[in-house]
Structure formats: C-alpha cells, structure tokens
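The values are calculated or read from the model by the stated rules, or taken from the named source; none is laboratory data. Worth saying up front: this structure is predicted, and the values here are computed from it rather than measured. Methodologically, a virtual Cβ is constructed for each residue, glycine included, from the backbone with ideal geometry; neighbour enumeration extends over all protein chains shown.
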Amino acid sequence: QPVTNDMPDAVEGLKGVRHIIAVSSCKGGVGKSTTSVNLAYTLRMMGAKVGIFDADVFGPSLPTMTSPEQAVLQMDKETGSITPTEYEGVGIVSFGFAGQGSAIMRGPMVSGLINQMLTTTAWGDLDYLIIDMPPGTGDVQLTICQVLPITAAVVVTTPQKLAFIDVEKGVRMFSKLRVPCVAVVENMSYFDGDDGKRYKPFGEGSGQRICDDYGVPNLFQMPIVPDLSACGDTGRPLVLVDPAGDVSTIYGAVAAKV
Ligand code: ADP
C-alpha cells in the first residue's frame, strides 16, 4: 500500500514509511508509552517492519523501556540525517538517546527540536512508524500532526471520569486534523483478584463513552498487570517476554486494527 501522503513537501526520511500511528493520551501516566512500545513489538512479531519515535521531550520513556546496544543516535555529518538506534529489530528514535549538547539537540524550542528529529531521521523502509506522542494537545502535538502524515491515532486513557474530559480534547484534535482515531485503549481497566472477583479501582465507562460519543470503532481494555510495569522498568517489553500471554493477546487485537 502506498504512503497516504498528500502534503506538498513529503519528508524525505519518511518516504518509505507506509503507516504512521500516533499513540496519544491527554494526561501523563496513563500508560501511553507502555502501549506504544508493546504495540510496536507486537507488530514486529507479526512480521512488520517497525520504528518508534518517542516524541516526549520532557519525559522520554524509550531509554528505560527498551535496551538498545547503542544508546546514542548517529548523525551523518555530511547529510545531517539521523540513523535510528535499534532494539530487537525495531528502529528507535528518542530524545533520551540524543545526548546532552549533541548537534541534534541544538535549537531553542521544543517544537523546533521535534521538527528537526522528525524531518532528518532516515527511517528507511517501514510498515509502521509508531509515534509516542507527548501528553496533551498543545503546540508540540499540533506540530507533530502537521509535519507527519499520520494515518491513524490510538488514544490511551484510564476508566476515570476525569480522564474522559481530557481524552475528549485529544480525539477532537485528531478529528480536526482529519486523522482517524481507530482505537481507544482503556488502560488499567481492572484486575482479577485471587478471590475470583474483578476489581475496577479507577471506576469504569470512560473508554466506552469516548467510543460512543466520537464513533471510535474499537475499544480495548487492558487490565492492571504488574509484569507490564516490571518489564517496562527492565527494558524488555512484556510482549517479548511472554508472547503467548493474555497481555500479548490484547495487544495483538489492537495491532490488528491499526
Ligand atoms: P505514560 O506514557 O502515559 O506517561 P507509562 O506508559 O509511562 O505512561 O505508564 C505509567 C506507569 O504505569 C509506568 O510505571 C508503567 O509501567 C505503568 N503501567 C502502564 N500500564 C500498566 C498496566 N496496564 N498495568 C500495570 N502498570 C502499568
């Protein structure tokens, strides 16, 4: 399938990228990076060529959640293009790998920096580029959506009512930019106790309501899973550690919709 890119100046380094998926949340800490990374490796295990761009300048997660041998991005001195670093077959670009004071960190504004990294990275031939968006719907998010021909958005939220109000903003932003929101991942949705009961510590309903109100066709509920968090901290995503587990099955279902 060709790149659906109707921008006048398609970014050179993105020309071989077939799908660009924005994984977004409106608040920090809801599990956006966990979702991005596990979704990326799920797609990889399904046989796709995948890259991840960690666009969170202030709290880059990829350096903790993955373990590339080479933890610094390489920049070609002549062309200025950035080569992604790699972990388990997935190309990775993160501000956390840029190195303090390196050439690619020059530039006064976050939007400028993001722009530079987005436009100078040579991604090569990819089926999916997953964008781990910074939380929120401000200038930086807009810049990313304007620079990148995003094909679909996955919105991550928690079941809380409070989350709903913020998530709504995000879905509206994508809708204004005509990016289809293909799935809502309601993260930390529940956990099953040893007593056989299902507990919902953060309430329920937010994910379903977003889908109903905004016509998002797919809702996925990811339970609270301590291993998901533990794997994030050790630098090896859970879907790689336990590819046949329940969590991997849910990410597999998300991957089938992007
Ligand atoms: P965000 O990118 O939205 O800031 P993270 O992906 O960094 O959120 O997740 C925040 C914290 O919650 C991390 O410590 C992560 O390991 C943990 N976490 C995320 N999703 C789950 C889950 N489903 N079960 C248990 N812990 C989770």
- Identify, by number, the condition in (1) in contact (Cβ under 8 Å) with a residue 12 or more places away in the chain; (2) under 26 Å from F220 (Cα atoms) that Q116 doesn't meet. (2)
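Take the conditions within 28 Å of F164 (Cβ to Cβ), near the ligand (Cβ under 10 Å from one of its atoms) and not acidic (D, E) and apply them to V57. Does it pass?
So V57 does not fit the description; no.
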- Note on the structure: Of the residues in region 7-17, those that are over 16 Å from the mean Cα position of the chain (by Cα) and under 12 Å from L129 (Cα atoms) come to G13, L14, K15, G16
- Message: Any residue at all in region 106-113 that's crowded, with 18+ Cβ neighbours inside 10 Å, in contact (Cβ under 8 Å) with a residue 40 or more places away in the chain and not acidic (D, E)?
- Response: yes
- Note on the structure: By residue number, the members of region 134-147 that are assigned to a loop (DSSP other than H, G, I, E, B) and in contact with a helix residue (DSSP H, G or I) (Cβ under 6 Å, 6 or more places away or on another chain) are P134, T137
- Scan region 19-54 residue by residue and report those that are over 21 Å from V247 (Cα atoms), under 11 Å from the mean Cα position of the chain (by Cα) and within 11 Å of the ligand (Cβ to nearest atom). D54
- Note on the structure: Of the candidates L162, L238, L177, L142, the one satisfying the condition of being out of contact with any strand residue (DSSP E or B) (no Cβ under 8 Å at 6 or more places or on another chain), within 12 Å of the ligand (Cβ to nearest atom) and among the aliphatic types (A, V, I, L, M) is L238
- Note on the structure: G99 meets each of (1) modelled with pLDDT under 95; (2) in contact with a Ser or Thr (Cβ under 6 Å, 6 or more places away or on another chain) with one exception, condition (2)
